[in-house]
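Working notes, structure below.
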Amino acid sequence: MFFIGLIITFYPIISFGQDVHFSSFNANPMILNPANTAFGESVFRAGTMYRNQWETLSKGYNSYLFTAEALAYKNRVRRDGIGIGINFMADVAGTLSYGQQSLGLSLSYFKAIDQNKEHYISFGIIGNTSSWGYNQSNSIFGRYPEDSEGILLNQIRTFDIGLGLHWQIKANETHSLQAGTSLLHINQPSLSYYENSNINLPMKFNAYVSDLIAINYDNSISPTIYFQNQSKFMELIIGMDYNINISETSINQQIISLGAYYRALDAMIIMAKYKQNNFSCGLSYDINLSRLTPASKSYGGVEVWLLYSFSPNGYKRSKTTIPCPAF
């Protein structure tokens with residue numbers, strides 16, 4: 001009922017249009033929310049992601065992501081810790097190769113808030129420096145080169161900050177709940193190529209909630225809702241993964257996951273994931289359902305991702321290890 005209530009609440013305000021995003025929003029926890037930085041079972045985590053969208057429309061969009069994070073501090077008595085992470089993201093679109101290159105640094109603080117150490121809350125902060133621009137040699141202006149139609153720059157740089165909050169609990173043997181929210185671009189830096197123009201990068205809000213529900217020892221489902229809003233653009237994604245444990249031994253953990261998600265008024269997202277011990281990978285495809293279908297020739301977006309987590313030799317897991325639901 002909670003999931004249905006959220007849909008009813010947000011569906012009427014969904015508008016056409018979307019921000020630059022990854023459909024596999026839960027594939028890389030740190031990008032989903034800075035409060036997730038190094039929040040999990042391992043000391044180190046590294047990941048990469050690539051997305052190609054609407055290739056039939058003037059070269060479409062190509063997005064790249066690289067992340068690395070580490071557990072910098074952990075106190076087993078106080079049951080808290082500090083995580084640090086770095087990410088690089090590039091997004092390029094169209095014949096002008098317009099887009100951005102962003103470098104971000106994030107910091108998190110997490111703490112167990114019950115005696116069983118299976119109930120956690122985490123806070124995070126992130127700072128990003130970004131370069132925005134286009135290939136000037138591929139551009140044609142009506143009054144070039146006198147004033148390039150008033151455009152003074154072909155590249156600008158911004159700096160912005162964001163905050164995040166994450167909550168997680170293993171309620172019982174059947175349910176593992178997690179939810180979070182983040183607010184990005186809080187300082188709304190200027191994003192203008194013109195002089196005396198009040199064009200700013202809008203604040204971006206997102207929120208998510210999911211529940212890992214164990215059906216039996218080998219099967220589970222993961223219903224998830226994700227919502228984000230930036231200026232007049234809103235996005236609501238709802239769906240579910242079906243997880244199958246194919247492990248033959250307890251030492252070699254293997255999980256296959258198949259999922260289907262719906263992005264309101266835009267696309268159906270089909271996902272496949274595979275996890276073996278500390279290594280995870282996935283593939284997703286957006287089936288375009290919007291009014292852009294005739295122009296895109298029904299070509300949506302392809303996305304692949306990898307995530308690897310590990311701990312150094314000699315590192316001992318303890319009762320304070322954070323339970324990390326599969327996918």
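FYI, it's all coordinate maths here, none of it is from the lab. Since we're looking at a predicted model, the values are computed, not measured. Neighbour counts are summed over all protein chains in view; Cβ atoms, including those assigned to glycine, are modelled from backbone coordinates with ideal geometry.
Descriptive notes on the structure:
- Gyration tensor verdict on the range 213-290 (Cα atoms; rounded if a/c is under 1.5, prolate if a/b is larger than b/c, oblate otherwise): prolate
- The HN-Hα couplings worked out from phi for the range 301-309 by the Karplus form 6.51 cos²θ - 1.76 cosθ + 1.60 (θ = phi - 60°) are x, 9, 9, 10, 8, 9, 8, 10, 10 Hz, whole numbers, x standing for Gly and Pro.
- The ranking of HIS185, HIS166, HIS175 by Cβ neighbour count inside 10 Å, starting from the fewest, reads HIS175, HIS185, HIS166.
- Note on LEU65, LEU283: ascending count of other Cβ atoms within 10 Å places them as LEU283, LEU65, the fewest first.
- Ranked SER106, SER250, SER311, criterion: other C-beta atoms within 10 Å, fewest first: SER250, SER311, SER106
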